[in-house]
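Here the structure is laid out as structure tokens; the discussion comes afterwards.
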Amino acid sequence: MRRLAAVMMMLLLLAGCRGKEPDELALVRVLGVDGKDPVTLTAVCGGNNQGDESRGISAGADFLSALNGLPWADTETEEELSLTSVSYLVVSRDVDLEAILLEVLKNQELAGMSTLWLADEGAAELLDRCADPAAGLALLTRQGAGAPTAVGALASLYNDGQVALPLLTASGGGLELRGVETWRAA
């Protein structure tokens, strides 16, 4: 009986060692996109009172090469940033929206159900000026902001030649909805 208890204790200890791996990952909730060539991605983790406010930046010649800059790491916490939980995409006016949406839908980590928002002053600047972008975007969603999903936005661009995006600005450490702006297909 004691041997069985010892074996069970060893298994629990081994399982506990493997459990540390997720602590080294920070889940990105908001992904900001600026520029066409080059593209800069700004990742914000945590939010919604989750306590992990890690942030990271990656740049590349286009959206895909910026994504391939992974794994990003927050320089202060040294956590690896993971894109498996992106709920919100925030883009600036100078992006190639169709190319971004196509890559989002192709990427196994990014969710086509992420909602799409337009930053009035640029995505990186907007996210830098907001203490908790995920909480701000969740609040705007609950208030009826009506942001389309990535897949819905791409369908609108293809079918209608345009998509309506909620326009955001930073205000007092949070986010404010400034209206809706129509993005037209190129």
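The values are calculated or read from the model by the stated rules, or taken from the named source; none is laboratory data. Computed from a prediction, not measured in an experiment: that's the story for all the values here. Cβ: placed from backbone, ideal geometry, glycine included. Neighbour counts: every protein chain shown. Areas reflect the complete protein model, heavy atoms only, side chains present, ligands, DNA and RNA absent. Shrake-Rupley method; radii C 1.70, N 1.55, O 1.52, S 1.80 Å.
For the reader, a short list of remarks on this structure follows.
- Cα→Cβ-extended label distance, 7 Å offset, between Asn159 and Thr84, nm: 3.2
- For the peptides 156-169, 127-140, the ranking by packing is 127-140, 156-169, with the highest mean count of neighbouring Cβ atoms within 10 Å listed first.
- Label separation (Asp120 vs Arg93): 1.2 nm, computed from points 7 Å beyond Cα along the C-beta direction.
- Heavy-atom accessible area for Thr115, with the other protein chains in place and a 1.4 Å probe, reaches approximately 30 Å².
- Segment 150-166 - phi-based ³J(HN,Hα) in whole Hz, Karplus 6.51/-1.76/1.60, Gly and Pro as x: 4, 5, x, 5, 5, 4, 5, 4, 6, 7, 10, x, 7, 8, 8, 10, x
- Loop-located GluC sites (Glu not before Pro) in segment 82-186 (DSSP state other than H, G, I, E, B) with a sparse environment of at most 16 neighbouring Cβ atoms within 10 Å: Glu109, Glu121.
- Relative to the current alpha-carbon distance between Leu102 and Ala185, full extension at 0.36 nm per residue lengthens the span by 28.5 nm.
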